[in-house]
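Notes to accompany the following structure.
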Amino acid sequence: MGKRVGLEVSLACSEAVRLANADVVAAYPITPQTHIVEHLSELVADGHLDAEFVPVESEHSAMAACIGSSASGARSFTATSSQGLALMHELLFIASGLRLPVVMTVANRALSAPISIWNDHSDVMMERDVAWIQYFCENGQEVMDLTLAAFKIAEDRRVMLPVMVNLDGFNLSHVIEPIEIPDTEEARAFLPPYDPPYRLDPNDPMTMGSVGVPEVYTEHRRQIQDALVGSLPVIKEHWAGFAKQFGRAYHTVETYKTEGAQTILVTMGSISETAMSAIDELKADGEKVGLLRLRLWRPFPEEDFLKAIAGAKRLVVLDRALSYGGAGGPVATELRALLYGRPKAPQVTSYVGGLGGRDVTRDDFKIMATRAADQTEAGAHYTFYGVRED
């Protein structure tokens with residue numbers, strides 16, 4: 001049986017990596033993810049995790065180290081945030097293109113300039129097309145569970161793709177919560193040792209990442225797309241297996257009081273729990289509202305999403321990132337594309353808010369839902385929410 005303790009969420013992530021028995025941890029500090037790799041260094045130094053801890057000189061090097069170690073058959077992990085994720089950008093395509101099951105935690109943080117160490121989703125939305133599996137956690141228990149599950153998903157031979165586990169910086173990463181830590185034996189039963197289908201080995205030479213001439217490049221990228229889309233049933237399978245073993249279930253999309261709802265709020269990450277409180281108050285006032293939390297971002301769970309919103313007249317999407325010069329928030333833009341041309345599709349009202357760590361409260365969510373129902377801002381591509389006019 002696992003034990004329940006009060007634990008900082010960043011440390012819960014580190015403990016999940018320990019339970020996964022990672023072989024290599026490549027580490028470079030950047031706020032607000034630093035506590036994750038700091039604790040992992042302690043676990044390695046104290047003998048609680050038998051891994052190679054590689055303190056590198058940059059986030060770019062951290063991903064390079066993970067690519068090399070994963071290619072040699074080692075279970076590999078790193079973590080980063082914001083500008084660090086941006087510095088890794090060119091290498092993220094290599095990890096997925098080589099089908100390497102690296103797991104990375106991103107403590108989501110705003111991008112510079114101006115310098116901001118606070119939370120929004122600008123960093124990860126910049127990376128939505130790097131062919132990594134990507135999902136979002138709402139609380140500390142989910143960080144613990146979904147980090148452990150990430151290794152099993154990534155290493156499944158039907159997948160063999162890297163996984164990015166997102167958690168909100170500070171709002172979640174530095175919060176202390178009651179968290180159930182599985183026993184080591186339970187974790188090892190769920191996640192067996194990594195058995196790579198191929199590896200770089202001087203005794204059995206092979207080539208990875210050779211030149212992709214025009215005659216093969218398109219076919220290779222199609223294979224990556226097919227693998228990413230094809231990972232969806234495998235993700236569901238392993239989340240179901242986790243639920244069977246540990247009693248905690250996770251789904252690609254999760255709804256809250258959406259029965260009979262005409263207006264559905266759409267959120268991602270820890271802010272979803274604030275939105276739940278707003279839904280409770282709106283329901284008490286007789287409003288026909290509900291909440292959809294989008295957990296899996298890539299591959300996008302189209303069928304699950306469409307099923308979850310069936311019957312709704314409008315979606316109110318809060319993006320904590322802006323597609324500059326485009327049509328607003330990236331999530332809302334994607335949902336509009338998904339719904340375009342479908343009969344009886346709900347209207348999508350897009351809000352961009354919570355940038356750079358600005359609070360989004362229960363009252364804010366109530367205002368968004370009310371304005372959408374009143375058609376106040378429904379015609380706009382998007383609305384900046386919470387802008388100071390003084």
- Query: When you look at residue 130, is it surrounded by fewer than 24 Cβ atoms within 10 Å (Cβ to Cβ), assigned by TED's automatic domain parsing to the domain that holds residue 165 and within 23 Å of the chain's Cα centre (by Cα), yes or no?
  - Reply: yes
Taking the stretch 371-387 and the residues there that are assigned to a helix (DSSP H, G or I) and in contact (Cβ under 8 Å) with a residue 60 or more places away in the chain, the one that is farthest from residue 348 (Cα to Cα) would be 373
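For the stretch 171-187, enumerate the residues that are assigned to a loop (DSSP other than H, G, I, E, B) and crowded, with 18+ Cβ neighbours inside 10 Å.
171, 172, 173, 182
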Confirm whether residue 129 is under 22 Å from residue 230 (Cα atoms) and free of Cβ contacts under 8 Å to residues at least 40 places away in the same chain. yes
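Condition check: among the small types (Gly, Ala, Ser) and either more than 21 Å from residue 20 (Cα to Cα) or in contact with a helix residue (DSSP H, G or I) (Cβ under 8 Å, 6 or more places away or on another chain) (or both). Does residue 278 satisfy that? Outline the logic, then answer.
Working: among the small types (Gly, Ala, Ser): yes; either more than 21 Å from residue 20 (Cα to Cα) or in contact with a helix residue (DSSP H, G or I) (Cβ under 8 Å, 6 or more places away or on another chain) (or both): yes.
Here the answer is yes, as residue 278 does meet what is asked.
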Within the stretch 65-89, residues under 18 Å from residue 34 (Cα atoms) and of a type in the set (Gly, Ala, Ser) come out as 65, 76, 79, 81, 82, 84, 86
When restricted to 110, 74, the only residue of a type outside the set (D, E, K, R) and more than 29 Å from residue 321 (Cβ to Cβ) is 74
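In the list 224, 179, which residue meets the criterion of being modelled with pLDDT of 95 or more, in contact with a Gly (Cβ under 7 Å, 6 or more places away or on another chain) and under 26 Å from residue 249 (Cβ atoms)?
Details: 224 fails: under 26 Å from residue 249 (Cβ atoms).
Being modelled with pLDDT of 95 or more, in contact with a Gly (Cβ under 7 Å, 6 or more places away or on another chain) and under 26 Å from residue 249 (Cβ atoms) holds for just one of 224, 179, which is 179.
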Inside the stretch 67-99, the number of residues satisfying the requirement of being surrounded by 17 or more Cβ atoms within 10 Å (Cβ to Cβ), more than 19 Å from the chain's Cα centre (by Cα) and under 19 Å from residue 20 (Cβ atoms) is 6
Turns out the strands (runs of 3 or more DSSP E) fully within the stretch 188-301 with at least 1 residues that are within 18 Å of the chain's Cα centre (by Cα) and surrounded by fewer than 20 Cβ atoms within 10 Å (Cβ to Cβ) are 253-256
For the stretch 305-332 the number of residues that are within 21 Å of residue 232 (Cβ to Cβ) and more than 17 Å from the chain's Cα centre (by Cα) is 5
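The values are calculated or read from the model by the stated rules, or taken from the named source; none is laboratory data. Not measured: the values here are computed from a predicted model. Neighbour counts are summed over all protein chains in view; Cβ atoms, including those assigned to glycine, are modelled from backbone coordinates with ideal geometry.
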